Amino acid sequence: MKYSAISLFANALSGHKKWPVQFPDKEPKKEYDAIIVGGGGHGLGAAYYLAKRYGITNVAVLEKGWIGGGNTGRNTTIIRSNYLFDESAAMYDHAVDLWDGLGQELNYNLMFSKRGVLMLAHNVHDVQSFQRHVHANRLNGVDNKWLSPEECKAFCPPLDISPHRRYPVMGGALQMRAGTARHDSVAWGYARAASKLGVDIIQNCKVIGIRRDADGAVEGVETEKGYIASKKIGVSAAGNTSVVMEMAGLRFPLESYPLQALVSEPVKPIMPCVVMSNAVHAYISQSDKGELVIGAGTDQYTSYSQRGPLHLQEHNVAAICEIFPIFKRQRMLRSWGGIVDVTPDRSPIVGKTPVKGLYVNCGWGTGGFKATPGAADMLAYTVAHDAPHKINAPFNLDRFVGGRLIDEAAAAAVAH
Amino acid sequence: MFEIHCPYCNEKRPEIEFAYAGEAHYVRPTAKEQSEMSDEDWSRYMFIRDNKRGEHAERWWHNAGCNMFFNAIRNTVTDKFVMTYKMGLPPRTDKQIDAARRTDAKEKASS
């Protein structure tokens, strides 16, 4: 069923009791042309683009829990592309291009809101490095502009720009095409659209092994629901990528850390945009429900526990109160943690692996949500063509041997 | 917040006194080894870490306490510390880890 004002009206007449299931929960077939491991936004998107753009519709998405229950449902929903290096700018901007009009394409309300992302500069070094970012972005065709403290205040009124603060606002870089989207809708929208094109979405189906033939090429996967054959396997397993890759005998340059975030009690609209501060180390936006959504950096130790210690949440909140003293009496409602897979250079790995037929999309670290459509498209392209697209070609695994790193670590490690 | 047993202070202290310091028993190749190493081996040393789901040998630093580094076995799924031990001791064997797990369970039962 196509969602529209007419279908809404028609279903209202039957008391909203006859809406069809958005996507059926399938049992696995014996064989597929391609299997995607991981049913988050990236994996479901990859299956959708495989079917939609690259003509492979006999695809299964295997998810160990429920779709969108991993990092897709555990982020702070920020979308932006103001990255420093050419390779990153191309990759993230491809995603931002796809975000535009994605709701229409999927016939699903993603609540994508281009409300702008403002990155605050609090010292001379910040000012210089952000201005460099602004210029680098503009050379790459990525919108980003420099605002004075007064312009920052005009754009984001709750901000305190008093020069007497401990971390005074000395300016900010604003990307207007950036913003937020409803993260669950991204998973559900991709799942529904992919399912319509013939993709099987299989939940509660953990992959426990990867079977390979005598030449080492993949033959299929062992799962909790039995063996499923496929000559092409795309892994999009975020924090658990190392675990899946080990099944194929590969060791990846990844470490998995918890990344925590929290929301406040809902309040009336006060934050018109997303504000990030690298120096004070936090970021904040307001959801359409009215909750202030707050996040910062990863926890200090590696973990798969999907939770973290309270003292780090205290740090996050303290940082927010430092930039926005107005929120000092705001009470926090709930917090959560996702497991993010971090590469040494803080750039993702999207492409082929040394094992034939095995493809990977991982290493997005703390910034995977914004890249969802772009990463999904690039993984789908690589799986379909057995070769990377020119956008994801630099994000290969070999760069850790050859040394051609895309070192966003210094530029973007904190605020995602 | 964890309570971590520092093997030098020989007491449990709150997590905020400690800093995580990466995988344990990671040996830097000597200058001679480095000069003869292949790019692949160097990459393995530089970038590949044991990103284990389960019991993980790792270094911790008691930086707001005695300032000593020590090693620990921690389960990365539950975040529970199985044991901590002094720097310079060889990697723990499965038997030693198992024994530590049993002592911990016994202590819990008696308390």
Problem set entry | Sorted peptide list for A:251-260, B:64-73, criterion being average Cβ within 10 angstrom, highest first | A:251-260, B:64-73
Exercise. In the range A:34-113, which trypsin sites (Lys or Arg not before Pro) fall in coil by DSSP and have 14 or fewer other Cβ atoms within 10 Å?
Worked result: A:ARG53
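Rounding to the nearest 20 debye, state how big the charge dipole of the protein assembly as shown is about its Cα centre with +1 on each Lys and Arg Cβ and -1 on each Asp and Glu Cβ.
Working: 62 positive and 56 negative charges, 244 e Å.
My answer is approximately 1160 debye.
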Problem set entry | Distance in nm between pseudo-label sites at B:THR93 and A:GLU222 (7 Å out along the Cβ direction from Cα) | 2.8 nm
For this session: Send over the per residue convex hull volume for the range A:51-156, Cα only, as a whole number of Å³.
Result: 161 Å³
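For a Förster distance of 51 Å, can you work out the FRET efficiency between the beta-carbons of A:TRP66 and B:SER110, rounded to the nearest 0.05?
Details: r = 41 Å, r/R0 = 0.80.
In this case the efficiency is close to 0.80.
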Seminar exercise, completed: Whole-Å distance linking the alpha carbon centroid of the range A:367-388 with that of the range A:32-46 is 10 Å
Seminar exercise, completed: Simple spin-label estimate for A:LYS231/A:LYS390, 7 Å along Cα→Cβ, in nm, reads 2.8 nm
For this session: Over the residues of the range A:167-303, compute the C-alpha Rg and express it relative to 2.2 N^0.38 Å.
Result: 1.45
Problem set entry | In degrees, nearest ten, helix A:372-385 long axis to first principal axis of chain A (Cα) | 30 degrees
For this session: Could you state the angle between the C-alpha long axis of helix A:86-99 and the longest principal axis of the C-alpha atoms of chain A, as a value from 0 to 90 degrees rounded to the nearest 10?
Result: 80 degrees
Exercise. Can you work out the FRET efficiency for the pair A:GLU150 and A:ARG307, with r the C-beta to C-beta distance and R0 = 45 Å, to the nearest 0.05?
Worked result: 0.65
For this session: Calculate, in nm to one decimal, what B:TYR45 and B:PHE69 gain on full extension: separation in residues at 0.36 nm each, minus their alpha carbon distance.
Result: 6.6 nm
Problem set entry | the range A:274-307 versus the range A:322-340: alpha-carbon centroid distance in Å | 8 Å
Problem set entry | For chain A, convex hull of alpha carbons as volume per residue, Å³ | 141 Å³
Exercise. For the range A:129-202 and the range B:28-78, what is the separation of their C-alpha centers, rounded to whole Å?
Worked result: 36 Å
Exercise. Counting other Cβ atoms within 10 Å, which trypsin sites (Lys or Arg not before Pro) in the range B:62-92 have at most 14 and lie in a DSSP loop?
Worked result: B:LYS80
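Using only C-alpha atoms and all pairs of different ones, pull out the Kirkwood radius for the range A:334-399 in Å with one decimal.
Values: mean 1/r = 0.0808 Å⁻¹.
For the range A:334-399, inverting the mean 1/r across all distinct Cα pairs yields 12.4 Å.
So in chain A, what percent of DSSP beta bridges are antiparallel if you round to the nearest 5? Spell out each step's value before the answer.
Working: 45 of 63 bridges.
For chain A, the DSSP antiparallel bridge percentage is about 70.
In square nanometres and to one decimal, what's the mean projected area of the convex hull around the Cα atoms of the range B:3-110?
Working: hull surface 32.7 nm².
It is 8.2 nm².
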Exercise. Which is farthest toward the positive dipole end of chain A among A:HIS135, A:ILE228, A:PRO272, measuring Cα position about the Cα centre, with Cβ charges +1 (Lys, Arg) and -1 (Asp, Glu)?
Worked result: A:PRO272
For this session: Would you mind checking the tilt of helix A:183-196 against the longest principal axis of the Cα atoms of chain A, expressed as 0 to 90 degrees and rounded to 10?
Result: 30 degrees
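After finding the eigenvalues of the alpha carbon gyration tensor for the range B:49-99, what semi-axes result from the square roots of 5 times each, listed largest first in whole Å? Working shown, then result.
Numbers: eigenvalues 70, 37, 20 Å².
For the range B:49-99, the semi-axes come out at 19, 14, 10 Å.
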For this session: Return P(r) of the range A:281-416 (all Cα-Cα pairs; 10 Å bins starting at 0; whole %; ordered from short to long distances).
Result: 11, 34, 29, 18, 7, 1
Seminar exercise, completed: Violations at 32 Å Cα threshold for listed pairs A:LYS289/A:LYS390; A:LYS30/A:LYS196; A:LYS52/A:LYS206 -> A:LYS289/A:LYS390
Problem set entry | Highest-first arrangement of A:373-384, B:5-16, where packing means the average Cβ count within 10 Å | A:373-384, B:5-16
For this session: Report the charge-dipole magnitude of the range B:3-110 in Debye, nearest 20, computed about the Cα centre from +1 at each Lys and Arg Cβ and -1 at each Asp and Glu Cβ.
Result: 420 debye
For this session: Would you please report the Å³ per residue occupied by the convex hull of the alpha carbon atoms in the range A:270-336?
Result: 101 Å³
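For the range A:81-183, state which trypsin sites (Lys or Arg not before Pro) are in a DSSP loop and have at most 12 other beta carbons lying within 10 Å of their beta carbon.
The qualifying sites are A:ARG166.
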Exercise. Under 5 Å between amide H atoms, partner at least 5 residues away or on a different chain: which partners does B:ILE4 have, H built in plane at 1.01 Å?
Worked result: B:ARG13, B:GLU15
Exercise. Relative to a virtual label point 7 Å from the Cα of A:ARG166 in the Cα→beta-carbon direction, which members of the range A:311-345 show backbone nitrogen distances below 19 Å?
Worked result: A:311-330
Exercise. Quick one: Karplus J couplings for the range B:73-89, per residue in order, coefficients 6.51, -1.76, 1.60, θ = phi - 60°, nearest Hz, x for Gly and Pro?
Worked result: 10, 10, 7, 7, 8, 9, 6, 7, 7, 8, 6, 10, 8, 5, 4, x, 6
Exercise. On average, how many beta carbons from a partner chain sit within 10 Å of the beta carbon of a residue in B:28-40?
Worked result: 1
Exercise. Among the aspartates and glutamates, which fall within straight-line cross-link reach of A:LYS153, defined as a Cα-Cα distance under 19 Å, with same-chain neighbours fewer than 8 residues apart omitted?
Worked result: A:ASP126, A:GLU322
For this session: Starting from the eigenvalues of the Cα gyration tensor, five times each then square-rooted, give me the equivalent ellipsoid semi-axes of the range A:107-237, largest first, whole Å.
Result: 47, 19, 14
Exercise. In what order do B:LYS52, A:LYS206, B:LYS106 fall by count of nearby beta-carbon atoms within 10 Å, going from fewest to most?
Worked result: B:LYS106, A:LYS206, B:LYS52
For this session: Please work through the protein assembly as shown and write down the cysteines that have no neighbouring cysteine Cβ at a distance under 4.7 Å.
Result: A:CYS152, A:CYS156, A:CYS205, A:CYS273, A:CYS321, A:CYS362, B:CYS66
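Every read-out reported here was derived from the displayed coordinates using simple, explicitly stated rules and does not represent laboratory data. Given the structure is predicted, the values throughout are model-derived calculations rather than measurements. Note that we place each Cβ from the backbone using ideal geometry, even for glycine, and neighbour counts take in every protein chain shown.
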